[in-house]
Amino acid sequence: MSLAPGARLGHYEIVAPLGSGGMGEVFRARDTSLDREVAIKVLPAASASDPERLARFEREAKVLASLNHPNIAAIYGFHEQDGVRFLAMELVRGEDLAHRLERGPVPLVEALDIVRQVAAALEAAHAAGIVHRDLKPANVQRTADGTVKVLDFGLAKAMETTSGDFRRSMTITSAGTTAGMIVGTAAYMSPEQARAQLVDRRTDLWAFGCLLYEILTGKKAFDGPTITDVLAAVVTRDPDWSALPPETPTPVRRLLRRCLEKDVKKRLRDAGDASLLLEDNPDDAVGGDRRATSP
């Protein structure tokens, strides 16, 4: 639904639109009862009668409520007003990485600070049994004080250990919102995600590798003119390792290799391991082996 500034949803007053996507429209709003600004995410009217979309929206609320971490945007409440369902969430002020990357790659020290915080957020989500499934630059925001927040758990999913009919609820959200058989954003999908197979935390670690690669190079690890071309690259090709800056430390190159391993059994298994690799010997993480030119 389209809400004009000044419109009210319960005790929330709409201030301005922030963005929109397949999972909802987001507005900046003022909580008149607590006198603070929040983000309001409204389920689109066209989706309100779709049981799957509604269930996913409610699941996002429960997922966020189960997570309490400084690098994950908090949720304040799940509400319904006059048939409109919406989430009240922490308003994260700052620039998302997608906009930042429009200006080119991020310097190494800054890049490593960002991904350390992203890894911490993933570690917390995974410990709670949650797979994000749509980690990408647009869902990572950095505040003025340098704090990084992982946003948009609208596609998050509780980890599964049985097969189930997982394919029934899958939707592509790349290059707009397009009906399909897989869920996520094509350029950051793992090979198993692209094949519509069951996913676990290792899918997030693949996306983490894509994110790290893009932050360092300013280029997507897997790209193409169409979604089909992107997915083909994900499944069959390696990133251009030569695009990494020459000063990229050897431990970071190894981390990228392990995250972007197409064989899920060989891929890095835990975000905590990524954190340890990034934190281990921080002097090397900044200036390490500058002679290395490949992972």
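Looking at GLN141, is it in contact with a Lys or Arg (Cβ under 7 Å, 6 or more places away or on another chain) and outside any loop (DSSP other than H, G, I, E, B)? Don't jump to the end; show me each part of the working.
Details: in contact with a Lys or Arg (Cβ under 7 Å, 6 or more places away or on another chain): yes; outside any loop (DSSP other than H, G, I, E, B): yes.
Yes; evaluated as a whole, the condition is true for this residue.
If a residue must be at pLDDT below 75, outside any strand (DSSP E or B) and out of contact with any helix residue (DSSP H, G or I) (no Cβ under 9 Å at 6 or more places or on another chain), how many such residues does segment 19-47 contain?
Of the residues in that region, 1 qualify.
Could you pull out the residue among VAL199, VAL148 that is closer than 22 Å to ALA121 by Cβ and either at pLDDT below 95 or small (Gly, Ala, Ser) (or both)? Steps first, answer last, please.
Working: VAL148 fails: either at pLDDT below 95 or small (Gly, Ala, Ser) (or both).
VAL199 is the lone residue from the list that is closer than 22 Å to ALA121 by Cβ and either at pLDDT below 95 or small (Gly, Ala, Ser) (or both).
Against the definition (more than 29 Å from LEU198 (Cβ to Cβ), assigned by TED's automatic domain parsing to the domain that holds ARG30 and of a type in the set (A, V, I, L, M, F, W, C)), how does VAL42 come out, yes or no?
It is true that VAL42 is more than 29 Å from LEU198 (Cβ to Cβ), assigned by TED's automatic domain parsing to the domain that holds ARG30 and of a type in the set (A, V, I, L, M, F, W, C).
Contact list please: Cβ distance under 9 Å, first residue in segment 126-140 and in the same structural domain as LEU64 (by TED's automatic domain parsing), second residue crowded, with 24+ Cβ neighbours inside 10 Å and basic (Lys, Arg), pairs at least six apart or on different chains.
Close Cβ pairs satisfying both conditions: none exist.
Please find, within segment 176-192, the residue that is modelled with the lowest pLDDT out of those that are in a helix (DSSP H, G or I) and buried (at least 24 other Cβ atoms within 10 Å of the Cβ). Spell out the reasoning first.
Going through segment 176-192, the residues in a helix (DSSP H, G or I) turn out to be 186-188, 191-192.
Applying the additional criterion that residues be buried (at least 24 other Cβ atoms within 10 Å of the Cβ) yields 186, 188.
Numbers: ALA186: 91, TYR188: 95.
Only one residue tops the list, namely ALA186.
Taking segment 121-134, which residues are among the hydrophobic types (A, V, I, L, M, F, W, C) and surrounded by fewer than 22 Cβ atoms within 10 Å (Cβ to Cβ)? I'd like the intermediate steps shown before the answer.
Within segment 121-134, the subset among the hydrophobic types (A, V, I, L, M, F, W, C) is 121-122, 124-125, 127-128, 130-131.
If the condition is that a residue be among the hydrophobic types (A, V, I, L, M, F, W, C) and surrounded by fewer than 22 Cβ atoms within 10 Å (Cβ to Cβ), then ALA124, ALA127, ALA128 are the ones that fit.
If LEU34 passes every condition in (1) surrounded by fewer than 17 Cβ atoms within 10 Å (Cβ to Cβ); (2) within 24 Å of the chain's Cα centre (by Cα) but one, which one does it miss?
(2)
The values are calculated or read from the model by the stated rules, or taken from the named source; none is laboratory data. Every value quoted in this text rests on a predicted model; they were computed, and no experiment measured them. With ideal geometry, Cβ positions are generated from the backbone for all residues, glycine too; neighbour counts draw on all protein chains shown.
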